[in-house]
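Beneath this line is the structure, given in structure tokens, with notes to follow.
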Amino acid sequence: MGRMKKGEKGMEKKRMDLCISRALAPAYAGRSGELTAVLQYVFQAIVLGGCGREAEARALMNIAKDEMRHLEKLGSLLVACGVPPVFTACPPYPVAYYSASNVDYTRKLPEMLAADIRAEREAIAGYTRILSAVRDERVRQAVGEIRAEEEGHLAQLEEMARAL
């Protein structure tokens with residue numbers, strides 16, 4: 001194989017960046033991505049706080065803060081790929097914008113925890129798929145860190161559900 005010319009390298013990087021952004025976008029602002037997680041945990045914390053379940057409300061708000069950091073990390077990776085961090089699962093195309101209808105608005109604690117456990121399992125599976133598809137080490141490191149935190153959330157939520 002011959003060496004790539006300068007213009008070919010730039011085109012190859014753009015193709016790689018587009019592939020990375022397409023892998024990351026659903027985790028960022030897809031139906032079950034980080035934006036949904038942030039909004040769902042905040043909703044749940046407010047509901048639980050309003051009915052005297054302060055310990056559970058604090059726990060879920062802390063998870064929401066972690067999910068917000070994940071959202072920021074993914075958004076920063078999208079920007080590094082040259083993609084604006086708009087809330088869509090299809091960047092760089094400004095279509096299929098995020099909808100808050102993605103949030104599970106269940107209001108009973110056992111059902112909340114069941115929905116959260118399902119969502120965390122789905123997130124872990126999604127991050128595992130990203131890790132198998134992306135070779136960029138910076139992206140792999142960030143995604144690996146996020147996945148590890150999601151595994152911690154899953155363990156915490158399972159423990160909360162067992163304690164009911």
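Condition check for Pro26 on (1) farther than 19 Å from His153 by Cα; (2) at pLDDT 95 or above: one failure, at (2). Every condition in (1) small (Gly, Ala, Ser); (2) surrounded by fewer than 15 Cβ atoms within 10 Å (Cβ to Cβ); (3) within 20 Å of Ala45 (Cβ to Cβ) is met by Ala114 except one, and the failing one is (2).
Select from segment 135-159 the residues that are in a loop (DSSP other than H, G, I, E, B), among the basic types (Lys, Arg) and either surrounded by 17 or more Cβ atoms within 10 Å (Cβ to Cβ) or touching a residue at least 40 places away in the same chain (Cβ under 8 Å) (or both) and list them in ascending order. Within segment 135-159, none qualify. Once segment 93-111 is narrowed to residues that are in contact with a Leu (Cβ under 8 Å, 6 or more places away or on another chain) and surrounded by fewer than 16 Cβ atoms within 10 Å (Cβ to Cβ), the residue that is nearest to Ile63 (Cα to Cα) is Pro110. Number of residues in segment 125-134 that are surrounded by fewer than 18 Cβ atoms within 10 Å (Cβ to Cβ) and of a type in the set (A, V, I, L, M, F, W, C): the value is 3.
The values are calculated or read from the model by the stated rules, or taken from the named source; none is laboratory data. In this text the structure is predicted, and so the values were computed from the model without any measurement. Positions of Cβ are backbone-derived with ideal geometry, glycine not excepted, and every protein chain shown enters the neighbour counts.
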